[in-house]
Amino acid sequence: MVSDSSRLILKGIYKSYGEQSIIENLSVSFEYNGIYSLFGPSGCGKTTLLHGMLGIVPFDQGDISGLSGRRIAVVFQEERLLPWSTVEQNVLLVLKHHYPKELAKQKVDYYLEAVNLINYKHSYPRQLSGGMRQRVAIARALAYGGEVLILDEPFKGLDIKIKTKIMDLIRQEYKQANKICLLVTHDRFEADYLADEVYYFEGPPLKLNKT
Ligand SMILES: Nc1ncnc2c1ncn2[C@@H]1O[C@H](COP(=O)(O)OP(=O)(O)OP(=O)(O)O)[C@@H](O)[C@H]1O
Ligand SMILES: [Mg+2]
């Protein structure tokens, strides 16, 4: 089969935890130049699907194409900040090996500004609210950039104003020919606001209900 680099394709995916089947023969594809919401109830297997795509938990079976060799930025469901590093250092850390120092610092400031946290750049995660920590994680992923942006419920705890500001920025940066953004959420507003297309899931086992 000729590989199609304009799409990210998951084919015949299976994943179980012990006896429990979480993903069973799932096939789904996404076009580069697309922003997608993956919408589904709590526990249906969305995070498992993302972790499988990222290689964090291996799928039991199935093929992934159109992802390897691409730069992937992720906002995990838990924000995963380094507690001993400041907000600025947390964001800078992922940029260090990818951008010259000055550009990296400019990016940190730009994205901290974008998530309304520039005045907290020298604060530590423990000094921030949950929603603020979440915004640091979002700034970090956006600053890192990449062709694929994976967001696992990134906007929890954020008010509508900052949420829409960030979603506007993501649309501006990811509505481009060589990029894909995947948003996992169970918030209908977010799902519709950010994405061109909403994929509705149910499960487990995870099943694509409609698009
Ligand atoms: N490490 C694990 N070991 C065993 N079972 C797991 C593990 N991780 C997830 N599961 C099970 O897999 C199912 C799907 O979990 P997953 O985290 O993918 O759901 P989700 O759709 O992301 O839910 P939520 O919206 O609440 O984050 C759940 O029933 C959960 O109990
Ligand atoms: Mg989840």
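The values are calculated or read from the model by the stated rules, or taken from the named source; none is laboratory data. Being a predicted model, the structure only gives us computed values, none of them experimental. When we count neighbours, we look across all protein chains shown, and the Cβ atoms used for this are built from the backbone with ideal geometry, even at glycine. Surface areas here come from the heavy atoms of the whole protein model, side chains and all, with no ligands, DNA or RNA. Shrake-Rupley method; radii C 1.70, N 1.55, O 1.52, S 1.80 Å.
Structure summary
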item: Qualifying residues in the stretch 130-182 (those that are within 16 Å of ligand 1 (Cβ to nearest atom) and part of a helix (DSSP H, G or I)) - the one farthest from Ser65 (Cα to Cα); result: Gly130
item: Residue selected from the stretch 200-211 under the condition within 15 Å of ligand 2 (Cβ to nearest atom) and within 19 Å of the chain's Cα centre (by Cα), by the criterion farthest from Tyr174 (Cα to Cα); result: Leu206
item: Residue in the stretch 53-71 that is assigned to a helix (DSSP H, G or I), modelled with pLDDT of 95 or more and either under 19 Å from Leu149 (Cβ atoms) or not β-branched (Val, Ile, Thr) (or both) present; result: yes
item: Some residue of the stretch 81-94 being away from ligand 2 (no atom under 16 Å from the Cβ), of a type in the set (A, V, I, L, M, F, W, C) and open to solvent by 70 Å² or more (accessible area, probe 1.4 Å); result: yes
item: Residue among Ala114, Ala137 that is surrounded by 14 or more Cβ atoms within 10 Å (Cβ to Cβ) and in contact with a strand residue (DSSP E or B) (Cβ under 7 Å, 6 or more places away or on another chain); result: Ala137
item: Condition met for Val28 (within 16 Å of ligand 2 (Cβ to nearest atom) and open to solvent by less than 50 Å² (accessible area, probe 1.4 Å)); result: no
item: Residue list for the stretch 25-48, restricted to those being polar (S, T, N, Q), over 12 Å from Phe201 (Cβ atoms) and in a loop (DSSP other than H, G, I, E, B); result: Asn33
item: Residue ID - nearest to ligand 2 (Cβ to nearest atom), chosen from residues in the stretch 47-64 that are open to solvent by 70 Å² or more (accessible area, probe 1.4 Å) and over 19 Å from Asp152 (Cα atoms); result: Asp60
item: Subset tally (residues that are in contact with a helix residue (DSSP H, G or I) (Cβ under 7 Å, 6 or more places away or on another chain), over 16 Å from Gly146 (Cα atoms) and not β-branched (Val, Ile, Thr)) for the stretch 106-131; result: 11
item: Residue list for the stretch 35-81, filter: among the acidic types (Asp, Glu) and touching a Phe, Trp or Tyr at 6+ places or on another chain (Cβ under 6 Å); result: Asp60
item: Selection count, the stretch 82-104, where residues are assigned to a loop (DSSP other than H, G, I, E, B) and among the hydrophobic types (A, V, I, L, M, F, W, C); result: 2
item: In the stretch 105-129, residue nearest to ligand 1 (Cβ to nearest atom) [restricted to those that are touching a residue at least 40 places away in the same chain (Cβ under 8 Å) and part of a helix (DSSP H, G or I)]; result: Pro125
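Residues checked against (1) within 23 Å of Arg7 (Cα to Cα); (2) among the charged types (D, E, K, R); (3) surrounded by 15 or more Cβ atoms within 10 Å (Cβ to Cβ):
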residue: Ala141; (1), (2), (3): yes, no, yes
residue: Gly146; (1), (2), (3): yes, no, yes
residue: Asp152; (1), (2), (3): yes, yes, yes
residue: Arg171; (1), (2), (3): yes, yes, yes
residue: Gln176; (1), (2), (3): yes, no, no
residue: Thr185; (1), (2), (3): yes, no, yes
residue: Leu194; (1), (2), (3): yes, no, yes
residue: Glu197; (1), (2), (3): yes, yes, no
residue: Asn209; (1), (2), (3): yes, no, no
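So that you can scan it fast, the table gives a plain yes or no per residue for (1) more than 17 Å from the chain's Cα centre (by Cα); (2) on the phi > 0 side of the Ramachandran plot; (3) within 13 Å of ligand 1 (Cβ to nearest atom); (4) in contact (Cβ under 8 Å) with a residue 60 or more places away in the chain:
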{"residue": "Thr48", "(1), (2), (3), (4)": "no, no, yes, yes"}
{"residue": "Val57", "(1), (2), (3), (4)": "no, no, yes, no"}
{"residue": "Gly62", "(1), (2), (3), (4)": "yes, yes, no, no"}
{"residue": "Glu78", "(1), (2), (3), (4)": "no, no, yes, no"}
{"residue": "Pro83", "(1), (2), (3), (4)": "yes, no, no, no"}
{"residue": "Val91", "(1), (2), (3), (4)": "no, no, no, no"}
